[in-house]
1. Can you give the accessible area of Ile40 in Å² (nearest 10), computed on protein heavy atoms with a 1.4 Å probe?
2. Given the rule -39500 (n - 2.57) for each run of at least 4 DSSP H residues, summed and divided by the residues of the chain, what is its mean residue ellipticity at 222 nm, to the nearest 500 deg cm²/dmol?
3. Going by Cα centres, segment 102-146 and segment 161-194 are how many Å apart?
4. In degrees between 0 and 90, to the nearest 10, how far off the longest principal axis of the chain does helix 55-71 point, with axes built from Cα atoms?
5. Return the carbon/sulfur percentage of the accessible area of the chain, one whole number, probe 1.4 Å, all protein chains in place.
6. Amide H neighbours of Gly50 under 5 Å, counting only residues 5+ apart in sequence or on other chains, H built in-plane at 1.01 Å?
7. Let me check something: with ligands and nucleic acids excluded, how do Leu34, Leu75, Leu25 order by accessible area (1.4 Å probe), largest to smallest?
8. Given a 1.4 angstrom probe, what's the average accessible area per residue across segment 141-194, in square angstrom?
Amino acid sequence: MTETKPQSILRSFPRVFWVANVMELFERAAYYGLNSVLAIYLTNSIAEGGLGFSEQSVGFLQGLIYAFTYVLPILGGALADRYGYRRMLLVAFSLLTTGYFLSGQASAYGVVFSALLVMATGAGLFKPIISGTLARSTTEANSGFGFGVYYWMINLGAFLAPLVVTFIKGFSWNYVFIASSLYCALMFIPTVFL
């Protein structure tokens, strides 16, 4: 009787597991990269390159944006189940890309607020799709490790993106918004082809 070698835990995951984790890395890099400096940008004076909003108005804006991001996954999960994961990922990345880009182009409070709400809507739609994909692509034998990889990707994006932002904001605040927009736009490629 021949012994079979146990399959490597890394090889036990299907390709979609790795694609979903790369998407999570890029989406979190976009989110944490921008949010690491957003309050500074919004409250800095116009002479310093910011928008000069009051701290109270920025606190209200960010509080509502964060709440929106964490409430919307309920709707996002229901829509993904009804219309399909791929279709809803395309919608989520469209909203994320547009929201990040427009929020960097605007200077009026209402327009920045609206653009960030578009971004938050995309983030809220994205979250349950990736979690659902990971749940579907892991087994009882590898789910603990699989979700460990997932949270590692979140933390890696949250760690690396602010470092990149520290560098690129020295050139222009607008580059921070463009970088976040590009991170999300790049995710159209694996969504469509993989």
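The values are calculated or read from the model by the stated rules, or taken from the named source; none is laboratory data. As the structure is a prediction and not an experimental result, all values here were calculated from the model. Virtual Cβ from ideal backbone geometry, glycine too; neighbours counted across all protein chains shown. Ligands, DNA and RNA are stripped out before the accessible areas are found, and what is left, the full protein with its side chains, is counted by its heavy atoms. Shrake-Rupley method; radii C 1.70, N 1.55, O 1.52, S 1.80 Å.
1. 80
2. Details: 9 runs with 151 residues, N = 194.
Mean residue ellipticity, 222 nm, calculated: -26000 deg cm²/dmol.
3. 15
4. That works out to roughly 20 degrees.
5. Working: 6830 of 10240 Å².
Summing carbon and sulfur atoms, their accessible area is 67 percent of the total for the chain.
6. Those lying under 5 Å, H to H, from Gly50 are Ser45.
7. Numbers: Leu34 0, Leu75 90, Leu25 40 Å².
Solvent-accessible surface, decreasing: Leu75, Leu25, Leu34.
8. Here the per-residue accessible area is 55 Å².
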